[in-house]
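Input: a single structure, listed below in structure tokens.
Only the coordinates and a few stated rules stand behind these numbers; no lab work does. A quick note: this is a predicted structure, and the numbers were derived from the prediction, not measured. When we count neighbours, we look across all protein chains shown, and the Cβ atoms used for this are built from the backbone with ideal geometry, even at glycine.
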Amino acid sequence: MTFLAPFYLFLSAAIAVPLLIHLLRRRIGARVEFPAARYLARAEREHSRTLRIRNLLLMLLRVLALLAIVVAAARPVARWVGSGHAPTAIAIVIDNSMSTSAVVNGRPLLDQFKNMARDVVNSATSADRLWLVTIDGNVRGGTPSVLRDEISRIEALAGRGDPVSALGRAANMVRGSGMEARQVALVTDGQRTEWQRVPSIADAQLLVFTPNTPPPQNHAVSLTEAQPVRWTPLGMVVARFLSRDSTTYRMTLGGRTFARGTAAPNEEVVVRAAPLDRGWVADTVELEPDELAGDNVRNFAVWIGPPPAVSATPGAGTFVQNAIDVLHASEQVTAGHDIAVVSADEATALPALIIAPSDPVRIGAANRALERLGVLWRFGTRRVGEAPVHGTGFDGVTATVRYDLVAQAGAAAETLAVVDNGPWVVAGNRFVLTGSPLTPDATNFPVRASFVPWLGSMLTERLVGEPGQAIAADPGAQIARPRWADAIEGLDGQRTPLGESLDVPARPGTYFLTRGEHRVGAVVVNPPADESILDRYAPKELRDHLHAARTIIAPDPATWVAEAFRAAARRSLIEPALLVALLALVVEAVALGARSRRMA
């Protein structure tokens, strides 16, 4: 039994009143001086035992009446007793995030959760209302037979869950049932990283089971990154591993092993490669299997091609030509005409790095050249005066002479740098356009150390090969549609046209983005790295972390199943308490009336 307003129990101190009255009455006496009173005294002694018992009973009746009234004021509730249970609305929340696929005692923890949920469903009656909620927030309702089938179909997610959505929807289901007995029953592994955010379900009762045992040891690939994303053809793979001990790894490119090794705990591994593959390639970093298989493989994607053949016109400037010579010496580019670095008035073909002309007289010719190339940007007003440039890789860069870059109707490009809140460098389909000449009298960028690496990234990443990029995403997420792609290629090779947004597949892997018949990028799907950290809340810690009207922690699976209906099926004891008080007062009144009649 519990009390919804326990502070009223302090009123129980009022039982001291009848006790004091009873004790004081024992001290009340009368001194009688005339002989006729001896008969009355003898009669009272003969009936003193009966009087003491009667007075004691009257005192107990008054104490009982006061206690019953105090208990009623405290709003007591108690569970239904007996072998059955009251009609109950119950939402079973199953944590099926990736961490619950860890093998414990020879089987995945999720299998134990499913068996527990199945036992609860088997205990339901036709008067109960049932819902099944998975940790990603999906809700199924129906009869016990329907939910048994749904439980059998539950599989572990490839990433984290959403406890806020799952518990919030479960509470809404039972709240809207209209039934007096309502319960949210949760089974979870209590993973700390997943349960950082929890909803407030202050008007719902929560029954929780979480294992009170340490999680299994786990090793995982926590990071894989291709640097750069476009190899021409030299590149490197950066990987990091989560492990308490040294672990062996294998790296693949296009399904073929190209590196093996051993990494120390939390070590960052860098492997360089110059493969013969060409185009967009799916790649992996893999570990030996352990108790949690979902994080033993991590995917990445690269575009591989030969070094781009680059040429620069005299209008591009001396500093640009010197930077290209440095890139040629490091074998990042070769001499040729695949990519042009040109002044805008000299541009005749794409792909090209297009630079604002040094001579203002040539702006008209530059805009006409952009129109012929289909580049939907134009040079606008000329600005003079030093202003800082803002953008990644442009620290300390200023522009003294610049032109406004004006977008035309339908222009689609990424702004790489801005000056005075206006675009200064933009990148689009097969072009990069600058708003200043790349000369020291127009900007200090050519004389800064970051200029050569920036020019190399534009030539070997932005302008080489097909447009596009590798997009990292969590399983099942929704991202904006890449405008440079029109379809996504599944792991089975089937292509699906893209809509206004892109629903990321729930299965980890590399999904290529295509335009027409060509691969132009990739969506790389991996589980979140923090899902590999299996540290758990202890049951009491999790109870204190949750925000519910009442949270019950079941110590074992059998208790959780048994309490699933009984813990919620409680009834008010206010009416029985008031009835006890009334009966006590009635009995007292009858006893006092009988005494008065005898005395009369």
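Here are the numbers:
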| read-out | value |
| --- | --- |
| Two-site label geometry, ARG372 and GLN196: point separation in nm, points 7 Å out along Cα→Cβ | 5.5 |
| Dipole of the chain, positive end: most advanced residue of ASN429, ASN322, ALA86 [Cβ charges, Cα centre] | ALA86 |
| DSSP-assigned coil residues among chymotrypsin sites (Phe, Trp or Tyr not before Pro) in the stretch 56-160, each with at most 15 further Cβ atoms within 10 Å | TRP80 |
| Label-point separation, ALA487 to ALA293 (7 Å along Cα→Cβ), nm | 3.2 |
| R0 of 60 Å, Cβ-Cβ distance ASP503-GLU386: FRET efficiency to nearest 0.05 | 0.80 |
| Kirkwood hydrodynamic radius of the stretch 226-327, from inverse mean 1/r over distinct Cα pairs, in Å | 15.7 |
| On Cα atoms only, tilt of 144-153 relative to the major axis of the chain in degrees | 40 |
| Per-pair calculated FRET efficiency, R0 = 35 Å: ALA365 and VAL326 via Cβ, rounded to 0.05 | 0.70 |
| Phi to ³J(HN,Hα) by Karplus 6.51 cos²θ - 1.76 cosθ + 1.60 over the stretch 469-484, Hz, x for Gly, Pro | 7, 9, 10, 8, 8, 7, x, x, 6, 10, 10, 5, 6, x, 5, 8 |
| Debye, to nearest 20: dipole size of the chain, +1 on Lys, Arg Cβ, -1 on Asp, Glu Cβ | 4800 |
| Leading residue at positive end of dipole, the chain (Cβ point charges), from THR496, ILE363, PRO351 | THR496 |
| Paramagnetic label zone (point 7 Å from Cα along Cα-to-C-beta, GLU414; backbone N under 19 Å) in the stretch 358-400 | 375-377, 390-395 |
| Helix-derived mean residue ellipticity, 222 nm - over the chain, DSSP H n ≥ 4, -39500 (n - 2.57), to 500 | -8000 deg cm²/dmol |
| Cα-centre dipole for the stretch 470-525 with unit charges at Cβ (Lys and Arg positive, Asp and Glu negative), debye to 20 | 120 |
| For the stretch 48-206, the Rg and Dmax computed from alpha carbons only, in angstrom | 22.9, 83 |
| Dipole of the stretch 396-476 [Lys/Arg +1, Asp/Glu -1 at C-beta], most positive-end residue of ALA449, ALA472, ALA412 | ALA449 |
| Spin-label zone in the stretch 295-324 - amide nitrogen under 16 Å from a point set 7 Å from the Cα of HIS337 along the C-beta vector | 309-314 |
| Sites matching chymotrypsin sites (Phe, Trp or Tyr not before Pro) across the stretch 207-257 that sit in DSSP coil, with at most 16 neighbouring C-beta atoms within 10 Å | none |
| Kirkwood Rh, angstrom, the stretch 309-462 [1 / mean 1/r, Cα pairs] | 15.2 |
| Distant-in-sequence amide H partners of VAL389 (H built 1.01 Å from N, under 5 Å) | VAL397, THR398, ALA399 |
| Cut-off of 10 Å, at most 14 other beta carbons, DSSP loop: longest stretch of the chain lacking such GluC sites (Glu not before Pro) | 332-499 |
| FRET efficiency estimate (nearest 0.05) - Cβ-Cβ, ALA16 to ALA589, R0 22 angstrom | 0.50 |
| Placed amide H near THR439: partners under 5 Å, 5+ positions off or other chain | none |
| Amide proton proximity set for ASP486, modelled H, under 5 Å, gap of 5+ | THR514, ARG515, GLY516 |
| Extension reserve of the THR348-ASN444 stretch, reckoned as 0.36 nm per residue once the Cα distance is removed | 31.8 nm |
| Residue-by-residue Karplus 3J(HN,Hα) for the stretch 389-405, coefficients 6.51, -1.76, 1.60, Hz, glycine and proline x | 9, 10, x, 5, x, 10, 4, x, 7, 10, 10, 9, 10, 8, 10, 5, 9 |
| For the stretch 56-68, 3J(HN,Hα) per residue [Karplus equation, 6.51 cos²θ - 1.76 cosθ + 1.60, θ = phi - 60°, Hz, x = Gly/Pro] | 5, 5, 4, 4, 5, 5, 5, 4, 4, 4, 5, 4, 5 |
| Average projected area [Cα convex hull, the chain], square nanometres | 44.6 |
| Using alpha-carbon coordinates, inclination of helix 318-329 to the longest axis of the chain, degrees | 80 |
